[in-house]
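Read through the structure below, which is laid out as structure tokens, and then see the notes.
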Amino acid sequence: MHEQYNPAKVEDEAQRFWEDTKAFHVREDPTREKFYCLSMFPYPSGRLHMGHVRNYTIGDVISRYQRMLGKNVLQPMGWDAFGLPAENAALKNKAAPARWTFENIDYMRGQLQRLGFAYDWDRELATCDPDYYRWEQWLFTRLVKKGLAYKKTAVVNWDPVDQTVLANEQVIDGCGWRSGAPVERREIPQWFIRITDYADQLLEDLDKLEQWPEQVRTMQANWIGRSRGVQLDFSVDNGEPLRVFTTRPDTLFGVTYLAVAADHPLAVAAAEDDEKVAAFREECRHTKVAEADMATMEKKGLPLGVTATHPLTGGPVPVWVANFVLMEYGTGAVMSVPAHDDRDWEFARKHDLPIKPVIEGSDPAHDYSQGAMTEKGTLIDSAEFDGLSSDAAFDRIVEKLAADGRGEETINYRLRDWGVSRQRYWGCPIPIINCGHCGAVPVPDADLPVVLPTDVVMDGPGSPIKSDRAFIDTTCPECGGAAERETDTFDTFFESSWYYARFASAGSEQAMLDERAGYWLPVDQYVGGIEHAVLHLLYARFFHKLMRDEGLIPADCPEPFTRLLTQGMVNKDGAKMSKSKGNTVDPQELIEEYGADTVRLFMMFAAPPDQGLEWSDSGVEGAHRFLKRLWRQVAERKAAGIDLTRRLESADELADADGAAKDLYRKLHETIGRVTEDIDKRQTFNTVIAANMELFNDLARFEATDERGQAVVAAVIQDMLRMLAPIVPHITHALWHEVGGQGTIADAAWPTIDEAALVRDEIEMVVQVNGKLRAKINVPAAADKAAIEAQALANEDVQRFTNEGEIKRVIVVPNKLVNIVVAT
């Protein structure tokens with residue numbers, strides 16, 4: 001073998017071997033235990049960034065490890081290829097989004113291959129391929145027929161520059177997250193899917209996700225937001241009752257005003273005669289709507305000149321319009337109790353509205369001029385309910401409201417139906433034909449897919465298909481009359497919500513999913529960023545249940561992802577790497593300078609996978625030095641005449657060998673145990689590498705004096721290569737053949753512990769005097785308590801601290817320490 005490590009040559013040869021032999025192509029095999037490992041697929045932006053490298057290296061390490069356990073491992077890769085960025089890039093580069101996207105895919109695929117990821121490329125998919133999106137169109141038509149998909153006019157966030165609807169989370173400081181333009185609130189027809197019909201399932205099945213981070217499960221539970229409360233009516237003169245929902249009926253007697261959304265019918269009616277209300281409604285069209293913004297923004301509002309009647313006291317309650325109430329949440333109206341709600345208190349103080357305490361908490365002297373008292377307690381100033389606890393009052397007040405026909409207990413959800421319409425071009429066409437006679441008609445199966453035209457000219461932010469009569473004009477499949485195609489496209493979350501399942505049935509032409517999905521699903525390990533904890537993961541769980549109910553997924557597979565690992569960000573100089581900050585590091589340049597294995601090793605060693613990783617140039621260089629030392633160790637041992645193909649197989653062969661050989665062999669098997677635990681259960685790959693580096697240092701210091709010592713060296717090198725193979729697959733692929741490994745290291749068995757090697761002849765124990773460390777002693781492993789105590793007391797360093805005092809007590813903690821208590 002060459003004495004010098006040449007990563008370019010080593011990695012090129014390994015990758016050509018994997019490609020030529022289709023090493024990672026996988027088929028279903030019912031006789032073997034399967035393992036499906038998936039990392040969240042990338043948007044084809046043009047180049048990989050370090051966040052990609054970290055994400056996909058984590059997934060690859062897990063996949064390769066599970067393969068070495070003998071499992072049938074599937075690890076696919078694809079492209080989340082639709083989306084607004086392609087349109088923006090097309091405008092900038094004067095190129096059609098399709099061409100730009102597929103050119104980027106080709107380039108990024110090459111980058112992934114350079115990193116040596118063990119993907120089954122035969123299953124590759126791109127969500128912009130009609131063969132892929134045909135099936136989500138097919139499923140959507142089923143949902144329409146079941147009533148699970150519907151169209152209605154809704155208030156949305158409208159970006160006037162990108163000319164598309166934005167989710168609340170895409171509105172930052174009142175502006176579009178990409179365009180930076182002030183967002184407007186518009187009322188337009190939108191397609192929705194009834195995710196709320198699955199709210200209870202989505203919430204209850206979180207308990208089945210025991211191998212998900214607790215943080216993610218909590219975020220999803222909060223997003224679904226199931227709450228027990230009361231829906232009640234405040235009557236309004238000459239109008240419909242004003243309906244509100246509250247989880248705190250115990251505070252009902254503290255209501256001093258009602259607040260409605262700017263789009264509420266009461267506000268709309270008031271604006272017709274009041275210029276100030278009309279101007280305020282226009283201002284609210286541009287308000288911030290993300291929850292974080294709603295919580296911190298200035299609370300504004302105006303009186304509507306409308307008075308409601310309290311359902312229990314019969315007293316008058318003024319109605320205001322407020323910017324913190326949204327029409328799409330709940331009923332678009334809230335009862336405001338400023339004494340016991342922070343937001344209501346802030347608004348009341350600003351507008352000089354009454355603050356009426358009706359709950360006495362742990363501090364009876366609470367100062368309401370300084371803030372609300374939000375805890376539960378005992379009711380006061382609440383008529384016949386005085387003296388009841390908040391919980392007891394809940395039931396009694398509900399009974400009273402129900403008896404009077406003014407309210408009822410209900411379960412409410414924060415979750416709202418999923419609006420899936422987008423007005424952009426580069427997305428999957430919604431498979432609906434709009435007929436003046438028949439209404440919205442699903443496209444028949446035989447006419448799917450509805451293919452998005454790709455030969456377009458992007459001469460502005462608007463969608464070119466909205467003026468493409470060749471695409472729009474069609475006939476109604478029901479009446480045969482002239483009709484028009486829907487020109488909205490699906491939210492790209494639609495594509496990413498089921499791609500994991502299509503990988504399992506890649507290439508299926510007859511069905512969205514076939515019987516192979518039953519073999520592979522659920523995904524055993526999913527890897528991706530914490531930023532996808534709510535929307536993507538929630539939508540994927542929802543889609544999974546839709547496909548299950550359509551008979552595409554077995555009923556005994558209720559969830560798509562068994563185990564979830566959310567990796568941390570890659571930071572540089574304390575800030576997240578991003579082009580806008582100018583602090584990115586190009587993976588391609590690093591690969592060319594150091595090799596892919598160095599990049600992979602650094603990324604796994606620098607931090608635990610679920611924590612932020614701080615970039616370090618010196619850390620990259622250190623990883624490269626370790627790989628060079630590993631290569632040189634094998635070369636030098638071989639040059640010294642050591643047969644690295646003949647390994648020690650059992651500690652029994654070292655029965656009368658020197659202590660150094662026994663110690664190194666024991667260290668090997670201690671490392672195997674530690675590494676297996678860390679990679680399998682804790683998934684702390686940094687400690688896996690640290691343990692192997694520690695073992696390597698012991699190996700480098702060891703001099704083999706006989707054949708048994710040489711056999712220990714061979715065992716250590718062979719097993720260390722296997723433990724490092726998932727992390728640095730190229731160099732271990734090359735060195736495996738140099739040490740006589742059979743087959744390829746990717747298919748080698750994971751090393752197992754020789755329990756006999758862990759048995760020690762001697763154990764090092766700490767000796768303390770009055771709790772302070774005074775010595776360390778080596779005692780025979782079989783020594784009893786009396787022998788250990790005697791050896792400790794005979795130690796010269798210990799005697800210097802015990803001779804002048806009376807020994808009161810000797811405490812022996814087996815295998816750890818001796819503590820001698822001396823009276824002074």
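If I filter the stretch 84-104 down to residues being part of a helix (DSSP H, G or I) and of a type in the set (Gly, Ala, Ser), which single residue comes out as modelled with the highest pLDDT? So that I can check it myself, show each step before the final result.
We begin by selecting, within the stretch 84-104, every residue part of a helix (DSSP H, G or I); these are 84-93, 97-104.
Subset that is of a type in the set (Gly, Ala, Ser): 86, 89-90, 98.
Details: Ala86: 87, Ala89: 84, Ala90: 83, Ala98: 95.
The residue in question is Ala98.
With the condition kept exactly as written, say whether any residue in the stretch 151-167 is part of a helix (DSSP H, G or I), crowded, with 19+ Cβ neighbours inside 10 Å, more than 26 Å from the chain's Cα centre (by Cα) and not acidic (Asp, Glu).
No, that holds for no residue.
Taking Ala734, is it farther than 30 Å from Arg800 by Cα, crowded, with 18+ Cβ neighbours inside 10 Å and touching a Gly at 6+ places or on another chain (Cβ under 7 Å)?
Numbers: farther than 30 Å from Arg800 by Cα: yes; crowded, with 18+ Cβ neighbours inside 10 Å: yes; touching a Gly at 6+ places or on another chain (Cβ under 7 Å): no.
When the stated conditions are applied, Ala734 does not pass them.
Could you check the stretch 207-219 and list, in sequence order, the residues that are within 13 Å of Pro560 (Cβ to Cβ), of a type in the set (A, V, I, L, M, F, W, C) and either part of a helix (DSSP H, G or I) or under 11 Å from the mean Cα position of the chain (by Cα) (or both)?
Hit for the stretch 207-219 is Trp212, nothing else.
Looking at the stretch 254-274, I want the residues that are in the same structural domain as Val244 (by the TED database) and have a partner that is assigned to a helix (DSSP H, G or I) and among the basic types (Lys, Arg) with Cβ atoms under 8 Å, at least 6 apart or on another chain. Which pairs are those?
These pairs meet every condition: Ala262/Arg281; Asp263/Arg281; Ala267/Arg281; Val268/Arg281; Ala271/Arg281.
With of a type outside the set (Asp, Glu), closer than 30 Å to Asp60 by Cβ and assigned to a loop (DSSP other than H, G, I, E, B) as the only criterion, which of Ala506, Ala517, Ala501 stands out?
Exactly one residue qualifies, and that residue is Ala506.
So for the stretch 176-188 (the condition being part of a loop (DSSP other than H, G, I, E, B), closer than 30 Å to Glu550 by Cα and touching a residue at least 12 places away in the same chain (Cβ under 8 Å)), does at least one residue qualify?
Scanning the stretch 176-188 turns up no residue that is part of a loop (DSSP other than H, G, I, E, B), closer than 30 Å to Glu550 by Cα and touching a residue at least 12 places away in the same chain (Cβ under 8 Å).
Quick one: count up the residues across the stretch 786-824 that are touching a residue at least 40 places away in the same chain (Cβ under 8 Å), of a type in the set (Lys, Arg) and over 30 Å from Leu758 (Cα atoms).
Of the residues in that region, 0 qualify.
In the set Pro303, Pro311, which member is modelled with pLDDT of 95 or more and part of a loop (DSSP other than H, G, I, E, B)?
Pro311
Regarding the stretch 764-786, can at least one residue be identified that is β-branched (Val, Ile, Thr), at pLDDT below 95 and assigned to a helix (DSSP H, G or I)?
No, that holds for no residue.
Kindly provide the set of residues from the stretch 759-788 that are within 45 Å of the chain's Cα centre (by Cα) and surrounded by 13 or more Cβ atoms within 10 Å (Cβ to Cβ), ordered by number.
Arg760, Ile763, Met765, Val766 - these are the residues of the stretch 759-788 that are within 45 Å of the chain's Cα centre (by Cα) and surrounded by 13 or more Cβ atoms within 10 Å (Cβ to Cβ).
Would you be able to tell me the number of residues in the stretch 530-573 that are more than 30 Å from Asp514 (Cβ to Cβ) and part of a helix (DSSP H, G or I)?
Of the residues in the stretch 530-573, 2 are more than 30 Å from Asp514 (Cβ to Cβ) and part of a helix (DSSP H, G or I).
Limited to the stretch 467-487, what total is found for residues that are touching a strand residue (DSSP E or B) at 6+ places or on another chain (Cβ under 7 Å) and farther than 16 Å from Cys428 by Cα?
So the count comes out to 11.
So that you can scan it fast, the table gives a plain yes or no per residue for (1) touching a Leu at 6+ places or on another chain (Cβ under 8 Å); (2) over 24 Å from Asp491 (Cα atoms); (3) not assigned by the TED database to the domain that holds Pro751:
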residue	(1), (2), (3)
Glu3	no, yes, yes
Pro7	yes, yes, yes
Glu13	no, yes, yes
Trp18	no, yes, yes
Ala23	no, yes, yes
Glu28	no, yes, yes
Met77	yes, no, yes
Asp80	no, no, yes
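Could you check the stretch 328-343 and list, in sequence order, the residues that are buried (at least 20 other Cβ atoms within 10 Å of the Cβ) and either modelled with pLDDT under 95 or more than 39 Å from the chain's Cα centre (by Cα) (or both)?
Scanning the stretch 328-343 gives Gly330, Gly332.
Would you be able to tell me the number of residues in the stretch 749-785 that are free of Cβ contacts under 8 Å to residues at least 60 places away in the same chain, out of contact with any strand residue (DSSP E or B) (no Cβ under 9 Å at 6 or more places or on another chain) and among the small types (Gly, Ala, Ser)?
1
Would you check which residues across the stretch 233-280 are within 18 Å of Thr331 (Cβ to Cβ) and part of a helix (DSSP H, G or I) and list them?
Scanning the stretch 233-280 gives Pro249, Thr251, Leu252, Pro265, Leu266, Ala267, Val268, Ala269, Ala270.
Which one of these does Gln742 not meet: (1) more than 36 Å from the chain's Cα centre (by Cα); (2) assigned to a loop (DSSP other than H, G, I, E, B); (3) buried (at least 17 other Cβ atoms within 10 Å of the Cβ)?
(3)
Before we move on, is Thr676 out of contact with any Asp or Glu (no Cβ under 9 Å at 6 or more places or on another chain), among the polar types (S, T, N, Q) and assigned by the TED database to the domain that holds Glu707?
yes
Out of all the residues in the stretch 35-66, which are surrounded by 24 or more Cβ atoms within 10 Å (Cβ to Cβ), in a helix (DSSP H, G or I) and small (Gly, Ala, Ser)?
Gly59, Ser63
Please determine whether any residue of the stretch 265-277 is over 20 Å from Gly239 (Cα atoms), over 41 Å from the mean Cα position of the chain (by Cα) and not hydroxyl-bearing (Ser, Thr, Tyr).
yes
Considering only residues that are at pLDDT 95 or above and surrounded by fewer than 18 Cβ atoms within 10 Å (Cβ to Cβ), look in the stretch 647-673 and name the one that is nearest to Met603 (Cα to Cα).
Looking at the filtered set, the residue picked out is Gly673.
Considering Val716, Val728, which residue is in contact (Cβ under 8 Å) with a residue 60 or more places away in the chain, under 30 Å from Ile591 (Cβ atoms) and surrounded by 14 or more Cβ atoms within 10 Å (Cβ to Cβ)?
Val728
What number of residues within the stretch 574-627 satisfy the criterion of being under 20 Å from Ala8 (Cβ atoms), within 26 Å of the chain's Cα centre (by Cα) and in a loop (DSSP other than H, G, I, E, B)?
Within the stretch 574-627, residues that are under 20 Å from Ala8 (Cβ atoms), within 26 Å of the chain's Cα centre (by Cα) and in a loop (DSSP other than H, G, I, E, B) number 2.
Is the stretch 111-123 home to any residue that is at pLDDT below 95 and within 24 Å of the chain's Cα centre (by Cα)?
First, the residues of the stretch 111-123 that are at pLDDT below 95: none.
Checking the stretch 111-123: not a single residue is at pLDDT below 95 and within 24 Å of the chain's Cα centre (by Cα).
Give the residues of the stretch 510-541 that are crowded, with 21+ Cβ neighbours inside 10 Å and of a type in the set (Phe, Trp, Tyr), sorted by residue number.
Once the filter is applied, which keeps residues that are crowded, with 21+ Cβ neighbours inside 10 Å and of a type in the set (Phe, Trp, Tyr), the stretch 510-541 yields Trp520, Tyr526, Tyr539.
Of Leu84, Leu125, which residue is closer than 20 Å to Glu486 by Cα and either buried (at least 19 other Cβ atoms within 10 Å of the Cβ) or in contact with a strand residue (DSSP E or B) (Cβ under 7 Å, 6 or more places away or on another chain) (or both)? First the steps, then the outcome.
Values: Leu125 fails: closer than 20 Å to Glu486 by Cα.
Result: Leu84 is the single residue among Leu84, Leu125 that is closer than 20 Å to Glu486 by Cα and either buried (at least 19 other Cβ atoms within 10 Å of the Cβ) or in contact with a strand residue (DSSP E or B) (Cβ under 7 Å, 6 or more places away or on another chain) (or both).
Looking at Pro130 and the list (1) outside the structural domain of Ile430 (by the TED database); (2) farther than 24 Å from Val457 by Cβ; (3) not hydrophobic (A, V, I, L, M, F, W, C), which single condition is not satisfied?
All conditions pass for Pro130, except number (2).
The values are calculated or read from the model by the stated rules, or taken from the named source; none is laboratory data. What you see is a predicted model, and the numbers here were worked out from it, not measured in a lab. Cβ sites come from the backbone with ideal geometry, for glycine too, and all protein chains shown count toward neighbours.
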